[in-house]
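Structure first, commentary second.
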Amino acid sequence: MKVREGAALRRRRLERGLSQRDLAFLARPCSQTTIYLLETQRLPRVNDHLAVRIARRLDVPVASLFDVDP
C-alpha cells in the first residue's frame, strides 16, 4: 500500500502521544526507522499487513493513511 501523506501519519501518531519507537513496537514487526521513512515519504509503500497494523494502532481506518496499490 502507498502512504497517502507522511505528515498525516506523523500528526496522528503525535495526537496519540506516541513516539516513532512506540508506534514501531506496537505495530511489530516494525522498526523506528520504518516509521521515520514512512513519515518522510522516503519509503512510499508498505505491505498490506503492516499498513493495517499501523492504522489499528493509530485508531484510524487504513484508507485514511494508505492507498491501495493498483
| Overall form of the stretch 21-68 per C-alpha gyration tensor (a/c, 1.5; a/b vs b/c) | oblate
| the chain, dipole about Cα centre (Lys/Arg Cβ +1, Asp/Glu Cβ -1), debye to the nearest 20 | 180
| said: How large a share of the accessible area of the chain, in percent, is made up of carbon and sulfur atoms when the probe is 1.4 Å and the other protein chains stay in place? | reply: 50
| How high is the relative contact order of the chain, in percent, counting Cα pairs under 8 Å that sit 6 or more residues apart? | 47
| query | Hey, rough spin-label estimate for Ser31 and Lys2, points 7 angstrom out along Cα→Cβ, what's it come to in nanometres? | reply | 2.6
| task | Would you work out which of Leu43, Gly6, Pro29 lies farthest towards the positive end of the dipole of the chain, given +1 charges on the beta-carbon of Lys and Arg and -1 on that of Asp and Glu, about the Cα centre? | result | Pro29
| Say R0 is 25 Å: what FRET efficiency, to the nearest 0.05, do Arg16 and Gln41 get from their beta-carbon distance? | 0.80
| task | Using a 1.4 angstrom probe, figure out how much accessible area the chain has per residue, in square angstrom, rounded to the nearest whole. | result | 63
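The values are calculated or read from the model by the stated rules, or taken from the named source; none is laboratory data. Everything numeric here is computed off the predicted structure, so don't read it as measured data. Methodologically, a virtual Cβ is constructed for each residue, glycine included, from the backbone with ideal geometry; neighbour enumeration extends over all protein chains shown. Note: accessible area is taken over every heavy atom of the protein model, side chains too, but ligands, DNA and RNA are not part of it. Shrake-Rupley method; radii C 1.70, N 1.55, O 1.52, S 1.80 Å.
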